[in-house]
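Read-outs: derived from the displayed coordinates by stated rules, not from any lab. Every value quoted in this text rests on a predicted model; they were computed, and no experiment measured them. For neighbour counting, all protein chains shown are included, and Cβ atoms are generated from backbone atoms with ideal geometry for every residue, glycine included.
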Amino acid sequence: MSRVIYSVASSLDGCHTDPGGDYSWAVPDEQVMAALTADAAGVTTYLYGRRMYEAMSVWETDPELAEESPESAAYAKTWQAARKVVFSSTLPEVWTRQTRLERTLTAEVVEQARADSPGDLTIEGPTLAHSALRLGLVDVIELLVCPAVVGGGSRVLPDDVRAALSLTRERRFGNGMVQLTYDVTRQPNASIG
């Protein structure tokens, strides 16, 4: 069965962006990019909110990005091959191939995307992922912990969700980033003890 993976870069203090919305401190180097591309090989569907879709769509709309390095080219190819489901009540349309627009994140829409997906799904962007965590739809949480303390901003995990986790993988990179992968072993808000 396909898994829903919440994949996110995190500062050491648990934020996806700093107070001003910047996340340049989380830009991966070539080693990290190669690892992320290898992980993405098993992903056949991306679940995005509007802002994350707008940020990630450049992997199809900006050919110069893919030309920056061999790893960027490999990631762009992988990204373009996957399906995308964008959840937004304000976005008028989507502009990349293999992309559909949904107005609301519901368990039914995610479960249908899971059933239709030949591989895993990632849910990216904290706002959308927070909703999916609250609905108990996330099977794996994958954090790319960056060597930065940003002092606030968009939180990686919501304060009102509890879940028991089991560490399944840890990878360290030369730039100080660490990737931690956890299976969600008990549904969010379940009693942990």
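What number, rounded to the nearest 500 deg cm²/dmol, is the helix-based mean residue ellipticity at 222 nm of the chain, given -39500 (n - 2.57) per DSSP H run of at least four residues and division by all its residues?
-8000 deg cm²/dmol
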Exercise. In nm, to one decimal, how far is the modelled label at residue 104 from the one at residue 31, with both set 7 Å along Cα→Cβ?
Worked result: 4.7
Exercise. Check residue 165: other-chain or 5+ apart residues with amide H under 5 Å from its amide H, H built from backbone geometry?
Worked result: 185
For this session: Please give the FRET efficiency for residue 81 paired with residue 134, using the beta carbon to beta carbon distance and R0 = 35 Å, rounded to the nearest 0.05.
Result: 0.70
Problem set entry | Percent RCO, i.e. relative contact order, over the chain, from Cα pairs under 8 Å lying at least 6 residues apart | 33
Problem set entry | Selection of chymotrypsin sites (Phe, Trp or Tyr not before Pro), the stretch 93-193, meeting DSSP coil and at most 10 other Cβ within 10 Å | none
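Using the Cβ atoms and a cut-off under 9 Å, what net charge is assigned to the surroundings of residue 4, where Lys and Arg are +1 and Asp and Glu are -1? Don't jump to the answer; show the numbers that get you there.
Numbers: positive: 3, 114; negative: 120, 139.
After counting each charged neighbour, the total is 0.
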